[in-house]
Each structure stands twice: as C-alpha cells, then as structure tokens.
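The values are calculated or read from the model by the stated rules, or taken from the named source; none is laboratory data. Note that this is a predicted model, so its numbers are computed, not measured. Cβ sites come from the backbone with ideal geometry, for glycine too, and all protein chains shown count toward neighbours. SASA here: full protein model, heavy atoms, side chains in, ligands and nucleic acids out. Shrake-Rupley method; radii C 1.70, N 1.55, O 1.52, S 1.80 Å.
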Amino acid sequence: MIARDVLRWLNEGGDKTLAPRREVIKRVSEFEDFSTCYESDRYKAQGLVAQIQKVVNVKDSFTRINLERERERKHRQELHVASIKAKQKEAEERAVIKDSLYKLFAETDPYKRGKRLEGILNSLFSLAGFLIREAFTVRGDEGQGIIEQIDGAVEIDGMLYLVEMKWWDKPIGRQEIAPHFVSVYGRGNVGGIYISYSGYSPAAIEDAKTGLAQKVFVLSEVQEIVQAIERETNLTGFFKEKINRAKSERNPFYKVF
C-alpha cells in the first residue's frame, strides 16, 4: 500500500519524477525479505512483487531489444557513410592520377617526365590496393636523354612483381626488354610487369610468352592504364585480369579493353 501510494504521487509529477519513480519500482522488484509482513499478507505481497518483477523483466527485454536494434542501425549507418567517403576519396585520387597522366603527354623533357611518372606509378599501384614493396624510382641522371626506366616492386595476391616502365618513341624490342627478364629470373619466386608508352615489337612479345614457362610476365601499355582510369575500372581487377590471362592462356599481352 505504501509503495502504491508513493507511485501514485510520483506519477502525478510526470517526467519530473521519472527518475525516483524508476528507483521505487527497481527497489520493489528487488525486494526478497517478506519476514516483516503480516502473516496474512505475506503471500499476497510475494505475489504482487512477482507480478511487478515479471512486468519489469518484460519491459527490460523490450528495452534491450530496442537498444540492440538501434546499435545495429547506427552501425549500418556508419558503414554506409564510411563507404561513401571511401568512394569519394578513391574518385578524388583517381582524378589526380588521371590529370597527372594527361600532363605527361605534353611533357617533352625526358628527365622531368620520368620524375613525374615515378610519383604517378606509386599513386597508381597504391590506389589499386597493392602493397608497394619497393617504391618506383627513375634510373639515370638529368641530361642522359631517354632515362624513363622506372623500377619498383609490388605485391599482388601474395606474389612479388618487379615493375619496369619506359616512355619511348618506338616500340620496346627484344634488346630493350631483355634486362627486365634477367632481373625477374635472378630474383627467385617473382613475376614481372612491364609498362610501355610505345608498345612492343613482335619479338619482345614472343620472348615474354616463352618466359611464361618459368615466370609470370605481364606486358601493358600506358594507354591501357589511361583507359582503365577513364572508365573508372577497378584497377585491382585490371591488373589481376592481365596476370590471370598470362597464367591461364599464356598471353602476356592480353588487352583488357
């Protein structure tokens, strides 16, 4: 009776007395010692407290369910926002790489072009999600003429690939590509990725095809990479497709587009 009167009074207080109302209900639901009750009222009191405990437990269960649903909703929302931000960041990085590549076509100084290409390749493979094991660098000194020999190494699906790139005005021939093959053959379990601005001679392609019997060699062109960026193609998928075709079809110069 006392608890009922107190709760009735607290209910009249509305939201202002919400905290003490909850505390009273909590204490009633946790009441266990009925030895001070009159003998005639003891079982009745136990029954009433049990009813209150049942209502409180049901209410708590619904509260826990609602809280869990709210946490799941917020988690999904956070994942959605993170996904949007990641896509926006990738689009921005892709735009920067594309703009940098376009500017290279207008650069006539081999040394400047090579140095800029160095940064572009690092950004390109980083965007593709490949682990860069050795950063791409230009080999040669200013004033040496054609020095766009970009060397680096990336890890793709757990395998290391040596990467070399040349920006020449003529197709890469057997003699020009041979040092790349030697480097790959001399480094154990690694593959090779060669990127050319001016394409390849039939002899160079044939040598790469022959080399597939022992190593994984992939030939690519700058124009292919530009197309991949233009089409917003997944760069990871682009390189993996070329690697898979080299392995399965013995085609080192497979054109994705």
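Inside segment 198-215, can you point out the residues that are closer than 15 Å to P171 by Cα and open to solvent by 70 Å² or more (accessible area, probe 1.4 Å)?
Once the filter is applied, which keeps residues that are closer than 15 Å to P171 by Cα and open to solvent by 70 Å² or more (accessible area, probe 1.4 Å), segment 198-215 yields P202, E206.
Restricting the first residue to segment 222-244 and requiring it to be of a type in the set (S, T, Y), which pairs with a second residue that is buried (at least 20 other Cβ atoms within 10 Å of the Cβ) and not in a loop (DSSP other than H, G, I, E, B) meet a Cβ separation below 9 Å and a spacing of at least six or different chains?
Qualifying pairs under 9 Å: T236/I156.
Could you go through segment 80-89 and let me know if any residue there is farther than 30 Å from I225 by Cβ, at pLDDT 60 or above and either assigned to a helix (DSSP H, G or I) or not aliphatic (A, V, I, L, M) (or both).
yes
Which one of these does E164 not meet: (1) at pLDDT 90 or above; (2) in contact with a strand residue (DSSP E or B) (Cβ under 8 Å, 6 or more places away or on another chain)?
Among (1) at pLDDT 90 or above; (2) in contact with a strand residue (DSSP E or B) (Cβ under 8 Å, 6 or more places away or on another chain), the lone unmet condition for E164 is (1).
Could we say that Q144 is at pLDDT below 75 and either over 17 Å from S196 (Cα atoms) or basic (K, R) (or both) here?
Yes: the conditions hold for Q144.
Can you name the number of the only condition in (1) more than 20 Å from L121 (Cβ to Cβ); (2) surrounded by fewer than 16 Cβ atoms within 10 Å (Cβ to Cβ) that G237 fails?
Among (1) more than 20 Å from L121 (Cβ to Cβ); (2) surrounded by fewer than 16 Cβ atoms within 10 Å (Cβ to Cβ), the lone unmet condition for G237 is (1).
Taking the conditions exactly as written (under 21 Å from F105 (Cβ atoms) and at pLDDT below 90), does E232 satisfy them or not?
When the stated conditions are applied, E232 passes them.
Take segment 216-233 and flag every residue that is assigned to a loop (DSSP other than H, G, I, E, B), surrounded by 15 or more Cβ atoms within 10 Å (Cβ to Cβ) and of a type outside the set (S, T, Y).
Matches in segment 216-233: V216 only.
Which pairs have Cβ atoms under 7 Å, sit 6 or more apart or on different chains, and link a residue in segment 163-184 that is farther than 23 Å from F125 by Cβ to one that is among the hydrophobic types (A, V, I, L, M, F, W, C)?
Sorted first by the residue in segment 163-184, then by its partner, the pairs are G173/A203; G173/A204; R174/A203; R174/A204.
What are the residues in segment 106-125 that are at pLDDT 80 or above and not in a helix (DSSP H, G or I), if any?
Residues satisfying the conditions are A106, E107, T108.
Within segment 195-206, which residues are of a type outside the set (V, I, T) and at pLDDT below 95?
The answer is S196, Y197, S198, G199.
Which one is surrounded by the most Cβ atoms within 10 Å (Cβ to Cβ), of the residues in segment 130-141 that are modelled with pLDDT of 60 or more and more than 20 Å from F238 (Cα to Cα)?
Result: V138.
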